[in-house]
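The block underneath contains the structure these notes are about, expressed in structure tokens.
Quick note: the coordinates plus some simple rules give every number you see, no bench work behind them. Here the structure is a predicted model, which means the values were calculated and not measured. Glycine gets a Cβ as well: all are built from the backbone with ideal geometry, and neighbour counts include every protein chain shown.
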Amino acid sequence: MSTIAPPWIENQSILTPTSGYLAAGFTHTINAYQGCAFAGALCGTFCYAQHNHWITRGRDWGLYGAKRNARTAYRRDHDRIKRPARGEPRPLKIYMSSATDPYLPQEARLGLTRSILEEMIERPPDALVIQTHHARIERDADLIADLSTKTLVWASITIETDHDRLPGFPPHACSPTDRLEALARLRRRGIPTQAAVSPLLPLADTQDFARRLDSACDRVILDHYLIGDGSPGGARTRRTTLAARLIDAGFERWTSLDTLWETREILTKLLGENRVLVGREGFCSLSPTRIE
Ligand code: SF4
């Protein structure tokens, strides 16, 4: 996992109109970094963003840059959409982030995500999903809690397995245990929390995982690379080493959609239907379903 400071990128605009997978729920994505420092971690083996040639431009997947003027770019984009000189304000529903992680190691020093959240307190979008693989999101719990009183916010942490070290794979950027505990603490602060079990990877104990999710989050989004990587039948992911690694490590049944539906059944029995959503429909659902 890279901790090296990336080069600065100057950007006039930081909100990107959505297309494809996220367009059913979100109007824009926001990425404060270009590329991702978690490329060498476990999630880098299945990362869907690495297939975006507009970002990689033929380079190996990794962190390429940081957007220096992220906060002012957000302010400018927000005002163009919500405070136009002519015409009506337009919807602004943001997914942060689609092609990087908002809580990279570099964020601890650069604070780009934090600066955007600070600006959002002044200029809230209509909805915001903050999606990360790292417990570092807790640093911004104060801002996220404040923002959740002004607009619809979901704090979403990917927890794709309960194995803190999954045999046959590189280490996680942040252990599932640490991510679950961070999610639970965010929830206790009154922030709507979501666990993205995406893509579903091998579980050591599905019943126990369901119990841990039940106490850590308001809802779960369950997904599998065969239906969730934005290509028919998981064609993009099939070009990566993910399936071969799973099979080599003795986890072949987790390469089947049958296992996804079995997992959904177990989670649904404990959490209830309305707290377990699946695939694109789940990711794009912005309904407030906080469980008190
Ligand atoms: S954190 Fe997200 S964008 Fe970064 S490598 Fe992992 S899956 Fe890809």
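ARG189 to ARG239: extension gain in nm, 0.36 nm per residue of separation minus the Cα-Cα distance?
13.9 nm
Under a model in which nothing but the beta-carbon of Lys, Arg (+1) and Asp, Glu (-1) is charged, region 8-283 shows a dipole of about 940 debye around its Cα centre. Only one residue of HIS163, PRO91, SER198 has its Cα farthest out toward the positive end of the dipole of the chain, where Lys and Arg carry +1 and Asp and Glu -1 on Cβ, and that residue is PRO91.
Dividing the summed -39500 (n - 2.57) terms of all DSSP H runs of n ≥ 4 by the residue count of the chain sets its mean residue ellipticity at 222 nm at -9000 deg cm²/dmol.
Phi angles of region 56-63 translate, via the Karplus equation with coefficients 6.51, -1.76, 1.60 and θ = phi - 60°, into HN-Hα couplings of 6, 6, x, 7, 4, 4, x, 8 Hz per residue; Gly and Pro are given as x.
In this structure, the amide hydrogen of LEU152, modeled 1.01 Å from its nitrogen in the peptide plane, lies closer than 5 angstrom to those of LEU128, counting only residues at least 5 positions away or on a different chain. Across region 85-109, the residues whose backbone nitrogen lies under 11 Å from the label position 7 Å along the beta-carbon direction of ILE9 are 99-100.
Applied to region 217-232, the Karplus parametrisation 6.51 cos²θ - 1.76 cosθ + 1.60 on θ = phi - 60° returns per-residue 3J(HN,Hα) values of 8, 6, 8, 10, 10, 9, 8, 9, 4, 5, 10, x, 9, x, 10, x Hz, with x for Gly and Pro. Working from label points 7 Å from Cα in the Cα-to-Cβ sense, the SER19 to LYS150 distance is 3.1 nm. Can you tell me, using C-alpha contacts under 8 Å and at least 6 residues apart, the relative contact order of the chain as a whole percent? Reported relative contact order: 17 percent.
Distances between placed amide hydrogens fall under 5 Å for VAL278 paired with LEU222, all partners being 5 or more residues away or on another chain. The local environment of LEU92, defined by Cβ-Cβ distances under 12 Å, has a net charge of +3 under the rule Lys, Arg +1 and Asp, Glu -1. Between GLU118 and GLU252, what is the label-point separation in nm under the 7 Å Cα-to-beta-carbon projection? Here the modelled spin labels are 5.5 nm apart. Under the combined filter of DSSP loop state and at most 13 neighbouring Cβ atoms within 10 Å, region 65-98 retains these trypsin sites (Lys or Arg not before Pro): ARG86. Here each label is just a point 7 Å from Cα along the line to Cβ, and for ALA108 and SER175 those points are 1.7 nm apart.
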